[in-house]
Amino acid sequence: PAQTERDVIKLMVDAVENIKPICEVEKVGVAGTIYDAPGIVARDRQRTLAIRWILEAAFKRRISYRISLEKCSFAEILDAYRKRGIARKKRDNLHGLASTNRSFAHFIWW
């Protein structure tokens, strides 16, 4: 492949790497109370969530700016590569929620 093709693939891979969540919260019921317990995300799920979040952000951009989906997805991928944008904010919010609820981590035992 040409150099530019390799650069584009590297850009895509790096963008997904920057958006991948490391931890997430899941609802756990203990003694009639529901807690948000943080846990580690499997590798496949990390990749799936990152790609899904980038696409969701591109769709949101398309609705608000009324431009083509190609331009919106390109802009969101560039933002993800630069560690900013809607998808990165979603990842940071999830990490913040997991950090806030880290005292409930011992409720996940399976």
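Every number in this text was worked out from the coordinates using simple rules, so none of it is lab data. A quick note: this is a predicted structure, and the numbers were derived from the prediction, not measured. Every residue, glycine as well, gets a Cβ built from its backbone with ideal geometry; the counts of neighbours run over all protein chains shown.
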### Query
Just to be sure, is GLU76 without any contact (Cβ under 8 Å) to a residue 60 or more places away in the chain and acidic (Asp, Glu)?
yes
### Message
Pairs needed: first member in segment 87-110, closer than 27 Å to ILE54 by Cβ; second member anywhere, charged (D, E, K, R) and not in a helix (DSSP H, G or I); C-beta distance under 7 Å; at least 6 residues apart or different chains.
### Response
LEU94/GLU24; LEU97/ASP36; ALA98/GLU24; ASN101/ASP36
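State all residues of segment 14-68 that are outside any helix (DSSP H, G or I) and small (Gly, Ala, Ser); if no residue qualifies, say none.
From segment 14-68, those outside any helix (DSSP H, G or I) are 20-42, 66-68; that's our starting set.
GLY29, ALA31, GLY32, ALA37, GLY39, ALA42, SER68, listed by residue number.
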